[in-house]
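Below you'll find the structure, written out as C-alpha cells, and then a few comments.
Any read-out appearing in this document is the output of simple, stated calculations on the displayed coordinates, not a laboratory observation. Fair warning: this is a prediction, and the values are worked out from it, not measured in the lab.
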Amino acid sequence: MEEAAKTNPPAVPEKAPIRVAAICGSLRKGSCNRGLIRAAIEISKESIGGMIIEYIDISPLPLLNTDLEVNGTFPPGVEAFRDKIRQADSVLFASPDYNYSVTAPLKNAIDWGSRPPNVWADKAAALVGAAGGT
C-alpha cells in the first residue's frame with residue numbers, strides 16, 4: 001500500500017476554465033472589431049488552454065427603458081444577456097470609437113448590465129479597438 005502511494009501522486013482537481021464574455025460595440029457583420037473577437041476566439045482555442053471566449057451579440061437588446069423592468073425582472077433578451085455576463089469571469093470589449101466615445105450599442109449594453117443587481121461587478125475587463133480609414 002505504501003509503495004502505491006509513492007508512485008501514484010494524489011489526483012489534482014482540474015481547474016475550471018476561465019470564461020470570457022466578448023462583446024463587440026459595432027453591429028456591422030463585417031466589423032474589424034468583430035474580427036478581433038473572432039481572432040481572440042481562434043487563438044484561445046488553438047493556443048490558450050483553460051480559456052473559453054464566447055461572443056455575446058448585443059444587437060437584440062432594446063434601448064434602455066426602465067419601464068421595461070417589471071417587478072425586478074427584465075425583458076427575456078435582456079435577462080439572457082445579463083445571465084451570460086453573470087456567468088463569465090471576465091469581459092472583452094472590442095469597439096470602434098464613435099465621436100470620441102464608445103458606440104451607442106455598447107453603452108446600451110453596459111447600461112442594461114449595470115441595472116441592479118450590477119452584473120459587471122467584480123469582473124476583470126479588457127478593451128481593444130480597431131479602426132479603418134484615415
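So what is the relative contact order for segment 84-124, in percent, with contacts set as C-alpha pairs under 8 Å and at least six apart? That works out to 51 percent. Summarised in one figure, the compactness ratio Rg/Rh of segment 1-96, Cα atoms and Kirkwood Rh, is 1.23.
At a Cα cut-off below 16 Å, give the aspartates and glutamates reachable from residue 84, other chains included and same-chain residues fewer than 8 away excluded. The qualifying aspartates and glutamates are 54, 57, 111, 122.
Helix 32-47 and the longest principal axis of the Cα set of the chain meet at an angle near 10°. Using the alpha-carbon atoms, what tilt in degrees (0 to 90, nearest 10) does helix 104-114 show relative to the longest principal axis of the chain? Relative to the chain, helix 104-114 is tipped by roughly 60 degrees.
Using the alpha-carbon atoms, what tilt in degrees (0 to 90, nearest 10) does helix 76-87 show relative to the longest principal axis of the chain? The two axes meet at around 40 degrees. Residues whose amide H lies under 5 Å from that of residue 51, counting only those 5 or more places away or on a different chain, are 18; hydrogens are built 1.01 Å from N in the peptide plane. P(r) tail for segment 69-134: Cα pairs beyond 18 Å make up 43% of the total. Normalised Debye scattering of segment 40-110 at q = 0.27, 0.28 Å⁻¹ gives log10 I(q)/I(0) of -1.27, -1.30, counting only Cα atoms as equal scatterers and leaving out solvent.
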